[in-house]
Amino acid sequence: MWFAGRMSHVNDPEVIRRLLVTPARWAVVGLSTNRARAAWGVAGYLRDALGHEVVPVHPRAEAVAGVSGHPDLASAPQPIDVVDVFVNAQRAGAVVDDAIAVGARAVWLQLGVVDEDAAERARDAGLDVVMDACPAIEGRRLGLL
């Protein structure tokens, strides 16, 4: 599919599966103590159903589910394997750049979060990219509890 003169991102099913089943430290950017937000439920799924370590990243640096929060990726415990981006698309590029800077292996941009330029920068830096998708939805679709 062509968008704005170039091909839009298509998620690789094998990358999705590998990221979901490989034990990893996921920094969830936008995760706060607000249980009504999607980030709360997805972080719980990543942690409880899939066994990933979840690191909350939010400007308020709130502890979530007993885990200390961090105001930004640079202050989060390293290494970070996957950066799960729960910010609006206008802010996603800066988060992707931070993910590249801290040496993350992958970025996962949530449903509705699309930034083709940021995805291209991440791929060029060697990161796996999943965009406009939810790990909980994808995991359940794959039969992962």
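The values are calculated or read from the model by the stated rules, or taken from the named source; none is laboratory data. Only a predicted model underlies this, so the values are computations on that prediction, with no experimental measurement involved. Glycine also receives a Cβ, built like all others from the backbone with ideal geometry; neighbour counts cover every protein chain displayed.
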Report task. Mind listing just one residue for me: the one in segment 118-145 that is over 12 Å from Leu19 (Cα atoms) and among the acidic types (Asp, Glu) and, of those, surrounded by the fewest Cβ atoms within 10 Å (Cβ to Cβ)? Result -> Asp124
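Any chance you could count how many residues in segment 115-144 are among the charged types (D, E, K, R) and part of a loop (DSSP other than H, G, I, E, B)? I'd like the intermediate steps shown before the answer.
Of all residues in segment 115-144, those among the charged types (D, E, K, R) come to 115-117, 120-121, 123-124, 128, 132, 138, 140-141.
Within this subset, residues satisfying the condition of being part of a loop (DSSP other than H, G, I, E, B) are 115, 132.
So the answer is 2.
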Query raised in the report: Within segment 97-114, how many residues turn out to be out of contact with any Leu (no Cβ under 8 Å at 6 or more places or on another chain) and outside any loop (DSSP other than H, G, I, E, B)?
Result: 2
Query raised in the report: So which residues in segment 64-77 are in contact (Cβ under 8 Å) with a residue 24 or more places away in the chain, more than 15 Å from the chain's Cα centre (by Cα) and in a loop (DSSP other than H, G, I, E, B)?
Result: Gly69, Pro77
Query raised in the report: Here is a list of conditions, (1) of a type in the set (A, V, I, L, M, F, W, C); (2) surrounded by 14 or more Cβ atoms within 10 Å (Cβ to Cβ); (3) touching an Asp or Glu at 6+ places or on another chain (Cβ under 8 Å), and Ala74 meets all of them except one; can you say which number that is?
Result: (2)
Report task. Test each condition in (1) in contact (Cβ under 8 Å) with a residue 12 or more places away in the chain; (2) within 13 Å of Gly30 (Cβ to Cβ) for Ala119 and report the one that comes out false. Result -> (2)
Query raised in the report: In the list Glu53, Glu62, which residue meets the criterion of being modelled with pLDDT of 95 or more and of a type in the set (Asp, Glu)?
Result: Glu53
Report summary line: How many residues of segment 26-56 are small (Gly, Ala, Ser), assigned to a loop (DSSP other than H, G, I, E, B) and surrounded by 15 or more Cβ atoms within 10 Å (Cβ to Cβ)? The answer is 2
Query raised in the report: Name the residues in segment 4-20 that are exposed (fewer than 14 other Cβ atoms within 10 Å of the Cβ) and either at pLDDT 95 or above or within 14 Å of the chain's Cα centre (by Cα) (or both), would you?
Result: Asp12, Pro13, Glu14, Arg18
